Amino acid sequence: MFVVHNYALAVVFCVLTMLCWGSWAVTRKLARPDWRFELFYWDYALGVLLITLALGITLGNGGTEGRAFFSDLSQASSASLISALLGGAVFNLGNILLVAAIEIAGMAVAFPVGIGLALIIGVIMNYVADPVGNVALLSAGVFFVILAIILDALAYRRLAGGSPGANSAKGLPLAVACGVFMGIFYRFIAASMYTDTAHPTAGKMGSYAAVFVVAVGILLSSFVWNTFAMKRPFIGPPVGFRDYFAGNFRTHLTGVLGGVIWGAGTSLNLIASGRAGFAISYGLGQGATMVAAIWGVFIWKEFRTAPAGTSRLLATMFVSFLAGLVLIVLARTP
């Protein structure tokens with residue numbers, strides 16, 4: 001399979017992950033306005049499965065190191081398969097809770113609590129399990145990224161009028177739960193993988209097989225989490241499977257595209273983790289919040305009506321984010 005040995009290339013892959021994780025939700029805006037997220041999500045899960053299978057068949061069968069994609073899947077132990085499936089299911093639940101928290105309490109509450117907590121938990125768990133990199137630089141980098149997320153939330157709060165509103169109390173538990181699930185899902189995936197491609201561990205999987213099993217976990221768990229969300233939505237009336245088939249080809253394609261983007265980013269992240277380490281790969285990937293902010297600031301012009309002083313807040317946010325990224329990259333000496 002294709003393997004990354006160069007640290008600079010691993011960093012590039014992690015930055016691409018960040019771009020993908022921060023951009024997949026843009027496809028939601030391309031769907032028709034009345035297309036519910038619960039319906040969009042089925043196509044998203046399908047897109048994740050398709051891209052991970054395609055990368056497994058192509059890159060996962062190229063090169064001379066590790067095990068080929070299908071051979072890797074066939075020799076995986078039950079423990080490794082269950083761990084990767086759980087990783088997909090846990091991520092799926094966290095992702096759905098994040099969307100619910102945004103809809104109920106807004107980005108000013110959901111992002112600093114949900115993504116900030118996920119970043120702290122995820123980096124700590126993965127570093128303890130696989131202590132790769134300088135812990136001081138990694139901690140400082142995570143601090144600056146979290147600071148950027150908080151500044152991003154403050155900017156959105158100013159845009160909303162300065163007060164988080166009564167719904168914040170309702171959305172806060174969802175954001176906390178999202179942060180916990182988003183923080184632990186990556187560890188389940190990492191636990192199913194081997195890191196030494198020259199000497200693959202029996203029963204463990206390489207990045208291509210692991211991310212495909214994660215995609216299967218996302219799709220299968222959607223029949224639980226997303227079906228529940230359809231019947232008991234946090235916002236709006238219930239929707240049924242009949243509503244899904246009312247969408248046209250273009251509407252369904254937007255969801256598939258969103259899944260392809262997220263799945264490609266996750267695949268690149270796991271490919272890079274062998275060289276960068278799981279903690280650094282995860283930490284860089286979670287900078288996706290700032291990529292989403294870039295879409296909001298420069299493409300969708302969400303802050304054009306924001307009160308005076310918001311631009312300085314946004315500028316400080318981006319400086320803090322860049323400082324965090326540099327420190328996280330420097331945490332692992334090539």
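The values are calculated or read from the model by the stated rules, or taken from the named source; none is laboratory data. A quick note: this is a predicted structure, and the numbers were derived from the prediction, not measured. Virtual Cβ from ideal backbone geometry, glycine too; neighbours counted across all protein chains shown. Each accessible area value is taken on the protein alone, full model and side chains, heavy atoms only, with ligands, DNA and RNA left out. Shrake-Rupley method; radii C 1.70, N 1.55, O 1.52, S 1.80 Å.
Scanning the stretch 211-225 turns up no residue that is modelled with pLDDT under 95, surrounded by fewer than 19 Cβ atoms within 10 Å (Cβ to Cβ), out of contact with any Leu (no Cβ under 9 Å at 6 or more places or on another chain) and not charged (D, E, K, R). Pick from 234, 298: which is open to solvent by 70 Å² or more (accessible area, probe 1.4 Å), within 24 Å of residue 42 (Cβ to Cβ) and either free of Cβ contacts under 8 Å to residues at least 24 places away in the same chain or part of a loop (DSSP other than H, G, I, E, B) (or both)? Of the residues listed, the single one that is open to solvent by 70 Å² or more (accessible area, probe 1.4 Å), within 24 Å of residue 42 (Cβ to Cβ) and either free of Cβ contacts under 8 Å to residues at least 24 places away in the same chain or part of a loop (DSSP other than H, G, I, E, B) (or both) is 234. Each residue in the stretch 1-30 was checked for being over 17 Å from the mean Cα position of the chain (by Cα), open to solvent by 10 Å² or more (accessible area, probe 1.4 Å) and small (Gly, Ala, Ser), and 1 of them qualify. Among the residues of the stretch 102-145, the one identified as closer than 13 Å to residue 290 by Cα, among the aliphatic types (A, V, I, L, M) and open to solvent by 30 Å² or more (accessible area, probe 1.4 Å) is 107.
Can you find a residue in the stretch 210-225 that is over 13 Å from the mean Cα position of the chain (by Cα) and part of a loop (DSSP other than H, G, I, E, B)? Taking every residue of the stretch 210-225 in turn, none turns out to be over 13 Å from the mean Cα position of the chain (by Cα) and part of a loop (DSSP other than H, G, I, E, B). The criterion of at least 3 residues that are within 15 Å of the chain's Cα centre (by Cα) and hydrophobic (A, V, I, L, M, F, W, C) is met, among helices (runs of 4 or more DSSP H) falling completely within the stretch 54-116, by 78-105. Evaluation of residue 184 against the conditions (1) surrounded by 18 or more Cβ atoms within 10 Å (Cβ to Cβ); (2) among the aliphatic types (A, V, I, L, M); (3) farther than 29 Å from residue 259 by Cβ shows that the sole unmet condition is (3).
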